[in-house]
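Participant: Dumping the structure here so I can ask a few things about it.
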């Protein structure tokens, strides 16, 4: 028999739900529905959306290419400094995005440690988004790999499979749901990134002005357009949540 929920707990939970839901409801209520088509099809909006998609997908590709091997290393190998490496991976999760942008500027700016000159370019916006998004993929995939019984990999090794072939043919298919979930989270985080992007790549229309930066730039001169752009980001975020719903149910059992 399920016990009754204490009234103070229920009241506190209701306040929490309202606190989280009311801002979203505000976007829906204040959205310029009658003029939404024109707002979302303007040249500046379409350009910002294109740049957002290019940069977020590029950041996702970077995260997958280097993040999946990093997740495998953390999940399957023991080595000195492993805890330090895991802490390094998680730093962007707790680091203020503006500080991350400053750090990127000092590392890859015109006078940075590495002379790549990515600052204030589209590639720079992509790098900034990858910096803040990659930990979501690495931690999710690491957890998925750690949950897989390594005896499958050991059997493949006894049959003569190389470590790389074993990862590609055995481990990767087993962790594909976790990889998909991590990729969705990383992409959504990259798409919504603001602080690191504006600090490292600037807010250059047609070059580094992603959709969140366009919302910021539009808010003063045309609040209704900013609300319309916010509605697009809200819809994309909701789509990611719906896509991950089944994954959450499985992990919550």
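Each reported figure results from applying straightforward, stated rules to the coordinates on display, with no laboratory input. These figures come from a predicted structure and were not determined experimentally. Please note: Cβ atoms are built from the backbone with ideal geometry, for glycine as well, and neighbour counts cover all protein chains shown.
Participant: For the chain, take the longest principal axis of its alpha carbons; what is the angle in degrees between that and the long axis of helix 82-94, to the nearest 10 within 0 to 90?
Facilitator: 10
Participant: On full extension of the chain, what length is gained from residue 21 through residue 111, given 0.36 nm per residue of separation minus the C-alpha to C-alpha distance?
Facilitator: Separation in residues times 0.36 nm, less the Cα-Cα distance, equals 28.0 nm.
Participant: Between the helical axis of 43-76 and the dominant principal axis of the chain, each derived from Cα atoms, what acute angle in degrees is found, rounded to the nearest 10?
Facilitator: 20
Participant: Distance in nm between label sites at residue 154 and residue 53, each 7 Å beyond Cα in the beta-carbon direction?
Facilitator: According to this spin-label approximation, the distance is 4.8 nm.
Participant: Please work out the Cα convex hull volume for the range 55-190 and give it in Å³ per residue.
Facilitator: Measuring per residue, one finds 117 Å³ for the Cα hull of the range 55-190.
Participant: Can you give me the pair-distance distribution of the range 1-124, C-alpha pairs, 10 Å bins, whole percents?
Facilitator: For the range 1-124, the pair-distance distribution reads 9, 18, 25, 24, 18, 5, 0.
Participant: What length, rounded to one decimal in nm, is gained on full extension from residue 99 through to residue 33, with 0.36 nm per residue of separation minus their alpha-carbon distance?
Facilitator: Taking 0.36 nm per residue and subtracting the Cα distance, the gain is 20.1 nm.
Participant: Among 24, 231, which comes first, second and so on when ranked by fewest other beta-carbon atoms within 10 Å?
Facilitator: Lowest to highest Cβ neighbour count: 24, 231.
Participant: Once you put a point 7 Å from the Cα of residue 84 and another 7 Å from the Cα of residue 238, both along the Cβ direction, what distance in nm separates them?
Facilitator: 4.7
Participant: Run the helix sum for the chain: -39,500 (n - 2.57) per DSSP H stretch of 4+ residues, divided by residue count, reported at 222 nm to the nearest 500 deg cm²/dmol.
Facilitator: It lands at -24000 deg cm²/dmol.
Participant: Can you tell me how much longer the chain between residue 162 and residue 174 gets when fully stretched, taken as 0.36 nm per residue apart minus their C-alpha distance, in nm with one decimal?
Facilitator: 2.6 nm
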